[in-house]
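Engineer: This structure is in C-alpha cells; I'll ask about it shortly.
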Amino acid sequence: MLAWASEVEAAMNTATCGAVGGPRYQVDRVSANSTLTYNLQFRVNQLAEVIVSGDGDTDLDLYINDPYGALVGYDEYWTPVCFMKSDLKTRR
C-alpha cells in the first residue's frame, strides 16, 4: 500500500494531468450512503487521471461526466479505491 501511495503522490506532482490549473488533491469525509460531487475542468485531448481512495471501511464509486452531462467513464468495482485514466475528446 505504501508503494501505491508513493506512485499516487508522484503522479500528482507531474504536469501530465489535464486538469485546468494543474493536478488537484483534496481530503474529505463522506458519510455512509451519501454522495460527494466535485466539478473539475479538464483540458480536451490531454490525459485526465482521477483517483479516489477511502480508508477501507466502505465501497467507493467514481463517475465522470462530460460538460453536457453524458457519462464518459466510471469505476464501480467493490473497493475503497477508484481510478480513471482517459484522453478526453471533444464532443461533436
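Engineer: Quick check, is Gln41 under 15 Å from Gly18 (Cβ atoms) and more than 14 Å from the chain's Cα centre (by Cα)?
Structural biologist: Criteria not met by Gln41.
Engineer: Looking at segment 57-86, I want the residues that are under 18 Å from Asp28 (Cα atoms) and have a partner that is of a type in the set (Ser, Thr, Tyr) and not in a loop (DSSP other than H, G, I, E, B) with Cβ atoms under 6 Å, at least 6 apart or on another chain. Which pairs are those?
Structural biologist: Tyr63/Tyr74; Val81/Ser53
Engineer: While we're on this one: So which residues in segment 45-56 are more than 19 Å from Arg29 (Cα to Cα) and either at pLDDT 85 or above or in contact with an Asp or Glu (Cβ under 9 Å, 6 or more places away or on another chain) (or both)?
Structural biologist: Asn45, Gln46, Leu47, Ala48
Engineer: Same structure again: Sort out which residues of segment 57-75 are of a type in the set (Phe, Trp, Tyr) and at pLDDT below 85, and write them in order of number.
Structural biologist: Within segment 57-75, just Tyr68 meets the criteria.
Engineer: Got a sec? Which of Thr14, Thr35 is among the β-branched types (Val, Ile, Thr), modelled with pLDDT of 85 or more and surrounded by fewer than 12 Cβ atoms within 10 Å (Cβ to Cβ)?
Structural biologist: That would be Thr35, the only listed residue that is among the β-branched types (Val, Ile, Thr), modelled with pLDDT of 85 or more and surrounded by fewer than 12 Cβ atoms within 10 Å (Cβ to Cβ).
Engineer: Can you say whether Ala3 is modelled with pLDDT under 85, closer than 20 Å to Thr79 by Cβ, part of a helix (DSSP H, G or I) and aliphatic (A, V, I, L, M), as far as the supplied structure shows?
Structural biologist: It is true that Ala3 is modelled with pLDDT under 85, closer than 20 Å to Thr79 by Cβ, part of a helix (DSSP H, G or I) and aliphatic (A, V, I, L, M).
The values are calculated or read from the model by the stated rules, or taken from the named source; none is laboratory data. Computed from a prediction, not measured in an experiment: that's the story for all the values here. No Cβ is skipped: glycine too gets one built from the backbone with ideal geometry, and neighbour counts run over all protein chains shown.
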